[in-house]
Structure formats: C-alpha cells, structure tokens
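Reading through the structure tokens given below for one structure.
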Amino acid sequence: MRTHAIVAVVISALTALSCYVSLGGIPALILSIIALTGVEYQPDRSRRLLKWAWISIGINVALLIGLVVWLIVYGASGGFDTPPDYN
C-alpha cells in the first residue's frame, strides 16, 4: 500500500502544480500525504484517505475533460467567432 500512496502523492502533486487542475490537486495531495505518513500504523485510515484522494483526482480529470469537450463544441458552433460590426 506504500507504493499506492507514493503514486497518489506524485500524481496529485503533478495536478496541484499544473495550471489545469490545480484546485482539485491540492486536496488530493493533502489526503495522499496524510495517508502516506500513516500507512504503517493506521492502514485502514490510510486506505480510506487514499480512496478519497483518487476520487478527488478522478473528479478533477473528469472536469478537465468536460471543459475541453465544451470548448471544442463551443468553438465548432462559432462561439469564438467575432460578432459582425453593425456600424
């Protein structure tokens, strides 16, 4: 489970430091660090914290994918085109 916690720390640190999913990476980073520190003495608590860290990472990735899809659809429908000048 220590490897699982280290992977969660690395991935959540990357999401916390990136410009795209930074807000959601911070709670996942905190949860995974707490889980990593308690993996030897409180394995059940660490397992629950890691579960919530991965859920947080998943939610952030899903929101990022939704944003990208929305931007593509909005751009394809002409949302970013300049409006006509009526003067």
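Below is a table of values for the structure above.
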{"quantity": "Answer residue from region 38-56, given it is among the aliphatic types (A, V, I, L, M) and surrounded by 14 or more Cβ atoms within 10 Å (Cβ to Cβ) and is modelled with the lowest pLDDT among those", "calculated": "Val39"}
{"quantity": "Scope region 38-62; condition farther than 12 Å from Ala5 by Cα and outside any helix (DSSP H, G or I); matching residues", "calculated": "Tyr41, Gln42"}
{"quantity": "From Ile65, Ile59, residue being hydrophobic (A, V, I, L, M, F, W, C) and exposed (fewer than 11 other Cβ atoms within 10 Å of the Cβ)", "calculated": "Ile65"}
{"quantity": "Those residues of region 14-37 which are surrounded by 16 or more Cβ atoms within 10 Å (Cβ to Cβ) and either at pLDDT below 85 or not in a helix (DSSP H, G or I) (or both), in sequence order", "calculated": "Thr15, Ala16, Val21, Gly24, Gly25"}
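The values are calculated or read from the model by the stated rules, or taken from the named source; none is laboratory data. Because the structure is a prediction, the values reported are computed rather than measured. All Cβ positions, even for glycine, are placed from backbone atoms using ideal geometry, and neighbour counts span all protein chains on display.
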